[in-house]
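Take a look at the structure below.
The values are calculated or read from the model by the stated rules, or taken from the named source; none is laboratory data. What you are looking at is a predicted structure, and each value in this text was computed from that prediction instead of being measured. Cβ atoms come from the backbone with ideal geometry, glycine included; neighbour counts cover every protein chain shown.
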Amino acid sequence: MGITTSSSAPQLSVIDSLNDAPISFFHLRAAFTAGMGFFTDAYDLFIIGSALVYIKPEWHLGNDQIAFLGSISLIAAFLGAIIFGRLADVVGRKRIYGLEALLMAIGAIACAFAPSFIWLLVFRVILGIGIGGDYPMSAVLMSEYANAKKRGALTSLVFGMQGLGLAFGPVVALTLEASGLPADSIWRIMLGLGALPPLAVLYLRRTMPESPRYKALVRGDADEAAKDMAVYSSGQLEAKVEQKTTPTRISWGQMLANPKYLILILGTGGAWFLNDYAFYGNAISTPEILKLLAPSSSPLTGSAWALMIFAIFAIPGYLASIFFMDAIGHRRLQWVGFSVMAVAFAAIALVPGITHDVAPFLLLYGISFFFIEFGPNCTTFVMPAEVFPTSIRTTGHGMAAGIGKFGAFVGTFVFPFISAAGGIKGAMLFSAGVSVLGVILTKLTLPEPSGRTLEEISGEGERAESRPVVTSQLAENQIL
C-alpha cells in the first residue's frame with residue numbers, strides 16, 4: 001500500500017491499535033473528563049435526601065411531595081438517557097458531549113434559587129435530563145477509547161467518581177449543618193454546589209474529539225479517526241491509513257426487531273433496574289432509615305452515619321471494582337454482587353434485634369453497600385457500553401440506563417411507603433428479593449465481555465488482517 005513504517009512499528013488497524021494500546025495519559029484524561037460528570041450525578045441525585053430535611057418543614061411538605069422531590073430527577077434521567085443515547089449514535093458523540101453537562105449545571109443553579117415546590121420540581125427535571133444524558137455519553141466514550149485488557153477498569157474508573165460524589169454529599173451536609181447558617185441557606189447551597197464540577201470540565205468535554213471507533217466503523221473514515229487519535233493522545237498513539245473503511249449502521253427499528261438485541265436490552269436494562277431500585281431506594285432514604293433506627297438522633301448524627309457508611313464501605317467497593325473487575329469477569333462480578341446484597345438485606349430483615357441495635361445494623365447495611373459498588377452498581381454501567389455494536393452502542397446504553405433510572409425512580413418513590421408500612425425489615429426483605437432476581441437475570445441473558453474486544457463481543461467488523469493496513473506507533477513513555 002506504499003506506507004512507510006519503522007522496522008519496529010506493528011501494522012495494525014485503528015481499532016486494533018486502540019485495543020492493544022497500553023494505559024497512557026490520554027486514557028486517564030478521558031476518564032477524568034467523563035468521571036467528573038459522575039461525581040456530579042451522584043452528588044446531585046443523593047444530596048436531595050439531606051436537603052429534604054430542611055425543605056420539608058420550611059415548605060410544609062407532605063409525604064407524597066417529598067417522594068416526588070426525591071425521585072423526579074430519576075424519571076427525568078430515564079428520558080435523558082434514551083434521548084441523548086440515541087442522538088449520539090445518529091449525529092455523533094462529539095456533537096452531544098458537553099451539552100448534558102451544561103444542562104446539569106443550569107439545573108443545579110436553578111434549584112438553588114427555586115422559589116417554590118413546583119419550581120424546584122421543574123428544575124430537578126432539567127437537572128435529571130442532563131444526568132441521564134451523561135450516562136451513555138461518558139460510558140461509551142470511555143469504553144471506545146479503552147484497550148481490551150483494561151476496559152472494565154477504565155470504564156469503572158469513570159463510574160467510580162460516583163463514590164466520591166456520594167461521600168462529598170454528607171461532607172457538605174455536615175459542614176453546612178455545623179456552620180449555623182439559616183436552614184433556607186443550607187439546602188440552597190447544598191443544591192447549588194452541584195453546578196461546579198460540570199462547569200469545571202465543560203471545556204474538556206467540548207474539545208474532546210470524536211470517538212475513533214465511531215468515526216472508523218460508523219462513518220467509514222478511518223483516516224480522520226487515526227488523526228484524531230494521534231492528536232488527542234499527544235502522539236502516544238499514532239496511525240496513518242490510505243483508504244476508508246466500509247461504514248455500518250443499524251437503525252433503531254432494526255435494533256428493536258432483532259431478538260439478540262432485545263435480550264441484551266432486557267439483560268442490561270433489567271439488571272440495572274433491579275440494582276438501582278435497591279441502591280437508590282436505600283441510599284437516598286438513608287437519612288430516613290437511620291431516623292427509624294434511632295428516632296432521637298439529630299440530623300447532624302444522621303449525616304455523620306451516612307458519611308461513615310459511604311466512606312468505609314461504598315468507596316472501597318468502587319475501588320475494588322476498578323482493580324478487580326477485569327480479572328474476576330464483568331458478568332461474574334455482577335451476579336456475585338447481587339448474591340451478597342441479597343444475603344445482607346435478608347439478614348437485616350430476618351435476624352432478631354438487628355433493626356434495634358445501631359452497630360450490627362450499620363455493619364450489615366455497610367456490607368450491602370460494599371457489594372452494590374463491588375458488583376452491579378459498577379457492572380451495570382460498564383456492560384451496556386460493551387455488548388452492543390458501535391452504531392447502536394449509545395442507544396443500547398441509553399436504553400439500559402433509562403430503564404435503570406426508572407428502577408431508581410421506583411425505588412426512591414416507593415421505598416418510603418414500604419418503610420412506613422413494613423418498617424426497615426419489610427423494606428430490606430423486599431430489597432433482598434429484588435437482588436435475587438438480579439442474579440437470575442444476569443445469568444440468563446448476558447455474555448461475559450471481560451478480556452474480549454468490543455468488536456469480538458458485538459460480532460461487528462473483522463480483525464486487522466481484513467481491514468485497511470495502518471501504521472501504529474506507541475510512544476516510548478507510557479504510564480503503566
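Some points to look at:
- Against the test of being at pLDDT below 95 and under 30 Å from residue 248 (Cβ atoms), the options 422, 451, 426 yield a single qualifying residue, 451.
- Residue check: residue 361 meets all listed conditions (1) within 30 Å of residue 258 (Cβ to Cβ); (2) out of contact with any Lys or Arg (no Cβ under 6 Å at 6 or more places or on another chain) but one, namely (1).
- Those residues of the range 139-194 which are out of contact with any Phe, Trp or Tyr (no Cβ under 8 Å at 6 or more places or on another chain) and either at positive phi or among the aromatic types (Phe, Trp, Tyr) (or both), in sequence order: 180
- Listing of helices (runs of 4 or more DSSP H) fully contained in the range 1-120 that carry 1 or more residues being touching a residue at least 60 places away in the same chain (Cβ under 8 Å) and small (Gly, Ala, Ser): 14-20, 25-59, 63-91, 99-112
- Candidates are the residues of the range 415-441 that are β-branched (Val, Ile, Thr) and more than 29 Å from residue 385 (Cα to Cα); the one that is surrounded by the most Cβ atoms within 10 Å (Cβ to Cβ) is 424.
- Residue that is surrounded by the most Cβ atoms within 10 Å (Cβ to Cβ) [pool: residues in the range 45-92 that are of a type in the set (Val, Ile, Thr) and closer than 28 Å to residue 249 by Cα]: 82
- Checklist (1) surrounded by fewer than 24 Cβ atoms within 10 Å (Cβ to Cβ); (2) modelled with pLDDT of 90 or more; (3) closer than 27 Å to residue 301 by Cβ applied to residue 358, failing item: (2)
- Answer residue from the range 185-244, given it is among the basic types (Lys, Arg), part of a helix (DSSP H, G or I) and at pLDDT below 85 and is nearest to residue 161 (Cα to Cα) among those: 206
- Residue 192 fulfils the conditions (1) touching a residue at least 60 places away in the same chain (Cβ under 8 Å); (2) surrounded by fewer than 22 Cβ atoms within 10 Å (Cβ to Cβ); (3) closer than 30 Å to residue 13 by Cα except for a single criterion, (3).
- When residues of the range 195-234 are limited to those that are in contact with a Leu (Cβ under 8 Å, 6 or more places away or on another chain) and under 30 Å from residue 168 (Cα atoms), the one surrounded by the fewest Cβ atoms within 10 Å (Cβ to Cβ): 202
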